[in-house]
Amino acid sequence: MEDNIQKIKSMIRDIPNFPKEGILFRDITTALKDAQTLKLTVDEIYEQFKDEKIDYIAGIESRGFIYGMPLAYKLNCGFIPIRKPKKLPAEVISQEYDLEYGTDKIEIHKDALKKGDRVLIVDDLLATGGTAEAAVKLVKQIAEPIGIAFVIELEDLKGREKLPNDIKIVSLVKY
């Protein structure tokens, strides 16, 4: 496993001063375009959750979709998109979360889940934890979040502290 994690990490490109001065952006596009690294990433998350009974993967827009879809296929479960406001055509439920200056929200279709469904939430990055925390709260409105998986965790930003202790939290690459 550790060799696989190092391979994944080696394929993530660092871009200084993006999107603004002083930020070191961890770019997954280089890891996505390499077939072996993409497969390793999905396989490593799969290994962490293969023994759980999962009904749905809920992928957070937009890069959670990238990893969530092949993971849903591999786990033989459905996929539910967690979207930004006004992107879903049917009735939705929403969850607000705080930004540095103001608030935002995420949504899922109201009929996407039912009581008792077991859901694994997937995203590419855990930074401050606001979006991930909102996703867990959103799923909890109807179903049972059993875990949340990230490709990358920026540990200094302490996003994990916003997430509940009663679900499994997996991040493959830590900075």
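We did not get these values from a lab; they are worked out from the coordinates using the rules stated. Predicted model only: the values in this text are computed from it and were never measured. Ideal geometry is used to build each Cβ from the backbone, glycine not excepted, and the neighbour counts take in all protein chains shown.
Could you work out the helix-only [θ] at 222 nm for the chain, with each DSSP H run of four or more residues adding -39,500 (n - 2.57) and the total divided by the number of residues, to the nearest 500 deg cm²/dmol?
Helices in the chain give a 222 nm mean residue ellipticity of -9000 deg cm²/dmol.
Shape index of region 51-174: Rg/Rh, with Rg the Cα radius of gyration and Rh the Kirkwood radius from the inverse mean 1/r over Cα pairs, equals 0.93. Of the trypsin sites (Lys or Arg not before Pro) found in region 1-77, those in coil by DSSP whose Cβ has at most 14 other Cβ atoms within 10 Å are LYS20, LYS50, LYS53. One Cα centroid belongs to region 107-175, the other to region 43-97; the line between them spans 10 Å. Note on LYS87: lysines with a C-alpha under 20 Å away, same-chain residues under 8 apart excluded, are LYS105, LYS110, LYS137. Antiparallel beta bridges, as assigned by DSSP with both residues in the chain, represent about 35 percent of the total such bridges. For LYS86, the aspartates and glutamates whose Cα falls under 17 Å of its own Cα, not counting residues fewer than eight places away in the same chain, are GLU61, GLU96, ASP104, GLU107, ASP111. Note down the relative contact order for region 51-174 as a percent, whole number, built from C-alpha pairs under 8 angstrom at least six residues apart. Here the relative contact order equals 24 percent. When you filter the GluC sites (Glu not before Pro) in region 75-175 for DSSP loop state and at most 14 other Cβ atoms inside 10 Å of their Cβ, you are left with GLU91, GLU100.
Using the empirical formula 2.2 N^0.38 Å as the baseline, the Cα radius of gyration of region 32-110 reaches a ratio of 1.26. Loop-located chymotrypsin sites (Phe, Trp or Tyr not before Pro) in region 1-103 (DSSP state not H, G, I, E or B) with no more than 13 neighbouring Cβ atoms inside 10 Å: TYR101.
Remark on region 103-175: hydrodynamic radius 12.6 angstrom, per the Kirkwood mean of 1/r across alpha carbon pairs. Each Lys or Arg adds one and each Asp or Glu subtracts one; over the other residues with Cβ under 15 Å from the Cβ of SER171, this totals -2. Let's test the formula: R0 of 22 Å, r as the Cβ-Cβ distance of ASP43 and LYS174. What FRET efficiency results, to the nearest 0.05? Taking R0 as 22 Å, the efficiency between ASP43 and LYS174 is 0.75.
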